[in-house]
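Please read the structure below before turning to the comments.
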Amino acid sequence: MARRRKGDAVSGWICLDKPLDVTSTQAVGRVRRALNAQKAGHAGTLDPLATGILPIALGEATKTVPFLMDAEKSYRFTLAWGRSTASFDREGAVTAASDVRPTRAQTEAALAGFVGEILQVPPAFSAVKVNGERAYDLAREGIEVVLEARPVLIHAARVVGQPDADHVEIELRCGKGAYVRALVRDLADALGACAHVSALRRTAVGAMTEARATGLEEIEKLCHRGDGLEVLLPVETALDDIPALALTQEEAFRVTQGRSVVLLPRQAEALAASLKAGSRTVAVFEAERIVALCEMRAGRLNPVRVFQTS
């Protein structure tokens, strides 16, 4: 007999504005407890020193986490010249120092060279797995971590401020797998300087933006007075760029039973035109309720993930 999960069957997304000095795991735990949710996870780790958008999936929304993991992300961060650290942020041990202070113009010129598809080596203090273990766990134990360069996409990067000679403020839009700390490391190397990240804020993850975000303490206060569901976003929030199709009640029932649905030629043509390159995923709805994620093949929709939402 299957063990019954503790908590309530809460499903949806929380667009959390993660505070400073709280780990992503701690933040997920506090949100899950506040809402008494049975199941929770997040889409993209934020370091304790980072603030900003941490999308938290509850219940059935956990089935859509991969779509937000792949989404475009935006950051605003401060680079501090003069010292490099083992983790490339202010928490790491100092590994090198330099008197070089690049000008804003020099920084802007060098930064332009990192826009587009580039090869980037993740920091040793990162969540990348090495032989089944997280790189940051090995690095903290003093074990040398050698990571391979991998392609990442930097959509845009620009200097937005220089409060003094020691600091420069940068905004970044990037794809999956790009590390701000690695960018700062490589930018400093290109300029013959030493640097680290002194402040970092994630401002967007796909459709999750600062305008939709709620602070952790505010969520806990709302939940305490019984209004926690006010900040819950729909399960389909993570699927903003996935083509959608409305089904009849009969078709929706077929999909929930794991059976395929045959598309009309015009439906198949319209969906094919709206699919992203290399994707066959379509979200299907019945009466504005998400039913499943399907794969479109040969004019049919075949259910891949079925949602148990009411």
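Here are a few things to note about the model shown:
- With respect to the chain, whose longest principal axis is taken over its alpha-carbon atoms, helix 265-274 is tilted by about 10°.
- Computed over the chain: relative contact order in percent, which uses C-alpha pairs under 8 Å that are six or more apart: 21
- Among the listed pairs K73/K221; K18/K73; K18/K221, those beyond 18 Å (Cα-Cα): K73/K221
- Calculated P(r) over Cα pairs in 20 Å bins from 0, in percent (choose from [x] 33, 53, 14, 0; [y] 29, 51, 19, 1; [z] 27, 57, 16, 0), label: [y]
- The residue among F285, G228, A156 whose Cα reaches farthest toward the positive pole of the charge dipole of region 151-310, with charges on the beta-carbon of Lys, Arg, Asp and Glu, is F285.
- Contour minus Cα-Cα distance for R33 and E117 (0.36 nm per residue): 26.2 nm
- Here the chain exposes an accessible surface that is 48 percent carbon and sulfur, computed with a 1.4 Å probe and the other protein chains kept in place.
- Using a probe of 1.4 angstrom and keeping all protein chains present, the accessible surface of region 26-126 works out to 41 square angstrom per residue.
The values are calculated or read from the model by the stated rules, or taken from the named source; none is laboratory data. In this text the structure is predicted, and so the values were computed from the model without any measurement. In this analysis, Cβ positions are derived from the backbone assuming ideal geometry, glycine residues included, and neighbour counts consider all displayed protein chains. Just the protein is used for accessible areas: all its heavy atoms, side chains included, with ligands, DNA and RNA removed. Shrake-Rupley method; radii C 1.70, N 1.55, O 1.52, S 1.80 Å.
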